[in-house]
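A.B. asks: Would you mind keeping the following structure in view while I ask a few things?
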Amino acid sequence: MTDLGDLHIPAAMRPAAEQVIALTDAVCADLLDEEYAALTRHVVAKLARKRPSPLQSGRATTWAGGVIWALGQVNFLFDRSSEPYVTHDDLADAFGLSKSTLSQKAKQVRDILQMTWGKPEFLRAVQVDSSLGSWSSGAREEWLYPVVHNAEMGRQPSPLPKLSESAPQ
């Protein structure tokens, strides 16, 4: 198993997280690639750090399948034109669970972590590159400047106004 020290998993959650990660690593080695394995470890660690951690209840196989299914949804794993490509049936068979069970657990994972295709921390490098590559370089630099500048200054970006605040009365 991969060294999990860099994932900052709380000691109380380490056994449950290790069980889930062992399952995701095995499926990633068989069906996917190392990049998916690294993403799944990141997601499992985030789930383990939640208080209370959702990994405390439910079966490890269900969590493992739900994590990969959720990552697959935001990274177009189930699209035939993507690489790697896996069918819903293949993934469900790998965990010995139904597609419905995995789909429901994936939704739970996406909701808990607010996982979308718009958050680079959950995306494969090719997805991030294709998203940024579709912008003109000027627009990309204009959009990234506040993010980079705030990070360099140690500040959080300012929140956007709520629609109700900015809408004319």
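A.B. asks: Fewest Cβ neighbours within 10 Å first, please rank Arg14, Arg80, Arg110 accordingly.
C.D. replies: So the ranking, lowest neighbour count to highest, is Arg80, Arg14, Arg110.
A.B. asks: Taking H placed 1.01 Å from N in the peptide plane, check which residues at least 5 places from Gly58 or on another chain put their amide H under 5 Å from its amide H.
C.D. replies: none
The numbers here are math on the coordinates, done by the rules we state, and not lab data. Because the structure is predicted, anything quoted here is derived from the model rather than measured. All Cβ positions, glycine included, derive from the backbone under ideal geometry; neighbour counts span all protein chains shown.
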